Amino acid sequence: MKRFKYHFEPKHGWMNDPNGLIYFKGKYHAFFQHNPKEPKWGPMHWGHAVSEDLIHWEELPIALKPDTDYEDDGGCFSGSAVEKDGIMYLFYTSVSKSLGQTQSVATSEDGINFKKYEGNPVITEPPCDGSGDFRDPKVGFIDGKYYMVVGSGKDGVGKVLLYKSENLLNWEYIGVLYENRDYGKVFECPDFFKIGEDFVLMFSKMVPDMNKTQFIIGDFDGEKFYPKYFQAPENGPQFYAPQTFCDGNGRRILIAWFYNWEKKPEPRLDFAGAFTIPREVKIYDGKIHLFPVDRARRLLKSEDKSVKICKDTVIMRGARPFNKFCFKGEIKSVHILRDEKAVEVFINDGETSYSYWL
């Protein structure tokens, strides 16, 4: 069985959410939820890969293992990375029998060897606005301050909770950044970032069509977020838990978990899960656009036997039960990235995209 040509996969075991995406000391680092023992969900570790061009990846030794008492029930769940004073900080949800889901920190000077903070967990319990579903810390540096968003929910209402810090170790709870009952009971893998003068909130929705990610463009005054525009630019059934980061050239880059939820892993394979192709996030004409990074654009084609365009409808052959979607507006351009197992389709330079497994 041939392996992917363009999408990163682990050598062994299970892989899901991308974590800790960061450009650090001249290389792109991508961590990921990982069960190294078998290709299914299990005690969560952080796998680790590096790249110089976002296309070719080298898998490194595991970065985080569940080896403390505050990680003894589920392990090291999803999180993020930032650099401060030449040090890489990893933030992750530690899951234990006694404390449940808490937020912890590990640091590294070289981006390879990591030491867990002796004061972990740095956030020991959810605020009153949250619940035991309290995970996926995403830390960013916005307008001179460090902010953390955490996914949660309470009483059937999905929420994104907001914290801030001056030193990345002591965190002050600010309040609910956003909540909405219509998008599910719990929001996962939130991300909050700035592009130009616009602030963008992104999260994955735990609803029946849970393979969906919501983007909201709005304003932010340092404590409150004021939504203006709502978008879901990715329409594929196998795109979840995306995360963004800024690279050394100031680009905002997004990578998501790419996995066929309906298909069982092939018995001959000892790995499961992949990354989508890295995409650059831009805002123009008032809309979020997700389009492959420049190094990946040479791989794009204008047509493919698995994709058919009929006026405003894109039909995917072999993608049942999610085999088509309608695009509201004029289809001006189509770009397709295909390898041996998967297809990613980009309409109008990423105004809409559709990712699926063949």
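Here are the numbers for this structure:
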quantity: Anisotropy class of the range 13-297 from Cα gyration tensor, a/c 1.5 cut; calculated: rounded
quantity: Local net charge near residue 281, Cβ-Cβ under 9 Å (Lys/Arg +1, Asp/Glu -1); calculated: +3
quantity: Rounded, prolate or oblate (a/c below 1.5 giving rounded, otherwise prolate when a/b exceeds b/c) for the range 36-96 by Cα gyration tensor; calculated: oblate
quantity: Fraction of alpha-carbon pairs over 15 Å apart in the range 166-225 - percent; calculated: 57
quantity: For the chain, with +1 on Lys and Arg beta carbons and -1 on Asp and Glu, the positive-most of 55, 246, 170 along the dipole; calculated: 55
quantity: Antiparallel %, DSSP beta bridges [both residues in the chain], to 5; calculated: 95
quantity: Protection-proxy order for peptides 219-232, 16-29, each taking the mean of Cβ atoms within 10 Å per residue, highest first; calculated: 16-29, 219-232
quantity: Cα-Cα separations in the range 278-358 greater than 19 Å, expressed as whole percent; calculated: 33
quantity: Most positive-pole-ward Cα, 281, 95, 108, against dipole of the chain from beta carbon charges; calculated: 281
quantity: Cβ-placed point charges (K, R +1; D, E -1), dipole of the range 1-138 about Cα centre in debye, nearest 20; calculated: 520
quantity: Net charge dipole size for the chain [Lys, Arg +1 and Asp, Glu -1 on Cβ; Debye, nearest 20]; calculated: 1480
quantity: Highest-fluctuation residue, 42, 158, 273 considered, GNM on the chain with Cα pairs under 10 Å; calculated: 42
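The numbers here are math on the coordinates, done by the rules we state, and not lab data. A quick note: this is a predicted structure, and the numbers were derived from the prediction, not measured. Glycine also receives a Cβ, built like all others from the backbone with ideal geometry; neighbour counts cover every protein chain displayed.
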